[in-house]
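Below is one structure; the comments refer to it alone.
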Amino acid sequence: MNARTMPPDDAASIDTDIAIIGSGFAGLGMAIRLRQGGQTDFMIAEKAESVGGTWRDNHYPGCACDVQSHVYSFSYAPNPRWTRMFARQPEIRSYLEECTDRFGVRRHLRFGHELVSAVYDETRHRWQLAFANGQQWSARVLVSGMGGLSRAAVPNIPGLDTFEGKIFHSQQWDHAYPLEGKRVAVIGTGASAIQFVPQIAPRVAQLELFQRTPPWIMPKADRAIKPLEQWLFRNLPFTQKIMRSGLYWMLESRALGFAVHPSLMKAVQKIAERHLRRQVPDPQLRATLTPDYTIGCKRVLISNDYFPALSRANVSVETTGIERIERDAVVTADGVRHPVDCVIFGTGFQVADPFPRGVVRGRGGVDIVDTWRDGAHAYLGTTLPGYPNFFMIVGPNTGLGHNSMVYMIESQVEYILRALNTMRSERAAAIEVRPQVERAYNERIQQQLGRAIWSTGGCKSWYLDPNTGKNTTLWPGFTWRFRQATGTFSMDDYFAYAPTAQPTALPVHATASVHGSAATASAEAT
Ligand code: N01
């Protein structure tokens, strides 16, 4: 099927070669590169009514990227019109809308398609997809661009359902609710909260910030991009390339402290301590806001207006744990009632379970939730034994604490394109990563992570699986190494299925020395 023959939206069942789920940076990035390669037989299922992923869903006041925009954009689509070094959410969302049109992927999009199940049919080598709207698709290849930070996490606090005021999560911000004059409780002090607290503090009557763990915060080198710079970027594009490259290497150098020599983080911590001292004159508040773990263990945040907001007369920071919520108050473990009109959760996302049970089922109907019982894992964050022709973008251990996720996404997209090309040239109906290749890769990753600041810094974070304590989210180190590792696709790492449904050993190719790959060609059974 090609674009000309694509069936209308109301068709009950659709056959497509490649189904992409999600239209954030990952899904769009995959679609754009397919189009650029001349592929037209693919469709993108998007649960919402527009593209943008996290940059559509998160629109809380102050929402902005904490990575410089020149790096946080597609390498092939620099945007000379960025207005700030760290673009704000509406600008990033517009950028993604523009890319959708510019690269001709809009006609491949199907909005209002929330995936409810993807089941691998071993006899036909196809993924059978069902959507909440009743649509069904059949696809040879399934690419997940669903991201790990899309399902809001709201803690199960006793009495939450008895609260009679207004409640919402930062990801579902209710702009229609007037915060003016209200007593507001904010729960959580992560990347989202530190962006919206300074925005709402001047508007509310009183803001109580419930802090469980203080974050380390560095100064944010943000500024408007001057018209002359924009002119240069537009008319002499190499200038923006130089800027991008400089920023990339500046950010990349931070991996040295995070993953290679965690002791270097002490020097970084000094900068954060100075930032705190300069911005918070009150020693008691300063003590409350000083973390007791090494910087970098949790995501390092950047802000110039968070600390000043906390010094306002109408803002207080509460560190006693929350015991319950009553009709009109938050009650802390010391028995104190904190009467509020509104509770805003800045409590992050359900990172450990990116796919709910029942949504992705591979060979033998095995649910990915069961495969990941002891924590998520994948080969190069992309492929998983038991799940043929299933590719994840932003899968396990591809997250970053120091550089742009778009770089990781592009690395994975290119790897998937290589896999698809190899399948075509080998005439394989399906491919599946060999279990021992994936296992050896993950052992290596976990070893490296064990030495990194995220494991040794003395904190608990969402980077670690809550059940096993394993870091299943972050890539351990330099992003160029990930680019290198994904830069070759070796069939030696995979089983190939002939159209008969039996795995066959395809000819063994010269084994590329892929970083982290055991790259063995022994014909082990699954
Ligand atoms: O969520 P978080 P977030 N009782 O998980 C607290 C990305 N992002 O939405 O630290 C009380 O970081 C929790 O406390 P603790 C980015 O990758 C990017 O802020 O666990 N408190 C913490 O303070 C980021 O890392 C941008 O002790 C509870 C907070 O809630 C990720 O999204 C901007 C609690 C959660 O912080 C998530 O950020 C924004 C409970 N029961 C976000 N449960 C960019 O600019 C949780 N907390 C790119």
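Between helix 191-200 and the chain there is an angle of about 40 degrees, using the helix long axis and the longest principal axis of the Cα atoms.
By its C-alpha gyration tensor, with a ≥ b ≥ c as the square roots of the eigenvalues, how is segment 52-104 shaped: rounded for a/c under 1.5, else prolate for a/b larger than b/c, else oblate? Since a/c reaches 1.5 but b/c is at least a/b, the shape of segment 52-104 is classed as oblate.
Each label was represented as a point 7 Å from its Cα along the Cα-to-Cβ direction; for Arg357 and Thr319 these points are 3.9 nm apart.
In the context of the full set of protein chains, residues of segment 227-291 present 63 Å² of accessible surface per residue (probe radius 1.4 Å, heavy atoms only). In degrees from 0 to 90, rounded to the nearest 10, what is the angle of the helix 405-426 Cα long axis to the longest principal axis of the chain? Value to nearest ten degrees: 10. You can think of it this way: the chain between Ala333 and Val366 has 7.6 nm of extra reach, that is 0.36 nm per residue less the Cα-Cα gap. Which of rounded, prolate or oblate describes segment 160-267 when judged by the alpha-carbon gyration tensor and an a/c cut-off of 1.5? Cα axes put segment 160-267 in the oblate bin. Our estimate of slack between Asp305 and Lys166, defined as 0.36 nm per intervening residue step minus the Cα-Cα distance, is 47.5 nm. Note that segment 53-201 presents 37 Å² accessible area per residue, ligands and nucleic acids not counted, probe 1.4 Å. When cysteine pairs in the chain are screened for C-beta atoms closer than 4.7 angstrom, the residues that find no partner are Cys63, Cys65, Cys99, Cys342. So how tilted is helix 89-102 from the main axis of the chain? Cα-based, degrees 0 to 90, rounded to 10. Orientation of helix 89-102: about 20 degrees from the principal axis. Modelled label positions at Lys241 and Arg102, each set 7 Å beyond Cα in the direction of Cβ, lie 1.6 nm from each other.
Cross-link partners of Lys270 among lysines, defined as those whose alpha carbon lies under 26 angstrom from its own and excluding same-chain residues fewer than eight positions apart: Lys220, Lys298, Lys460. Taking all protein chains into account, the per residue accessible area for segment 383-475 stands at 33 Å² (1.4 Å probe). Across every pair of non-identical alpha carbons in segment 442-486, the mean reciprocal distance, once inverted, gives a Kirkwood radius of 11.1 Å. Using a ≥ b ≥ c from the Cα gyration tensor of segment 210-333 (square roots of the eigenvalues), is it rounded, prolate or oblate, where a/c under 1.5 gives rounded and otherwise the larger of a/b and b/c decides, a/b for prolate? Because a/c hits 1.5 or more and a/b exceeds b/c, segment 210-333 counts as prolate. Could you give the distance between the Cα centres of segment 234-259 and segment 47-117, to the whole Å? What the calculation gives is 21 Å, centre to centre.
Apolar share of the accessible surface for the chain: 53 percent from carbon plus sulfur atoms, 1.4 Å probe.
Each 10 Å bin, from zero up to the one with the longest distance, holds this percent of the alpha carbon pairs of the chain: 4, 18, 27, 27, 17, 7, 1, 0.
Extension gain for the segment Gln484 to Val116, taken as residue separation times 0.36 nm less the Cα-Cα distance, is 129.0 nm to one decimal.
The values are calculated or read from the model by the stated rules, or taken from the named source; none is laboratory data. Quick caveat, the model's predicted, so the values are computed rather than measured. Here Cβ is always computed from backbone atoms with ideal geometry, including for glycine, and neighbour counts include all displayed protein chains. Just so you know, the surface numbers come from the protein's heavy atoms only, side chains and all, with ligands and any DNA or RNA stripped out. Shrake-Rupley method; radii C 1.70, N 1.55, O 1.52, S 1.80 Å.
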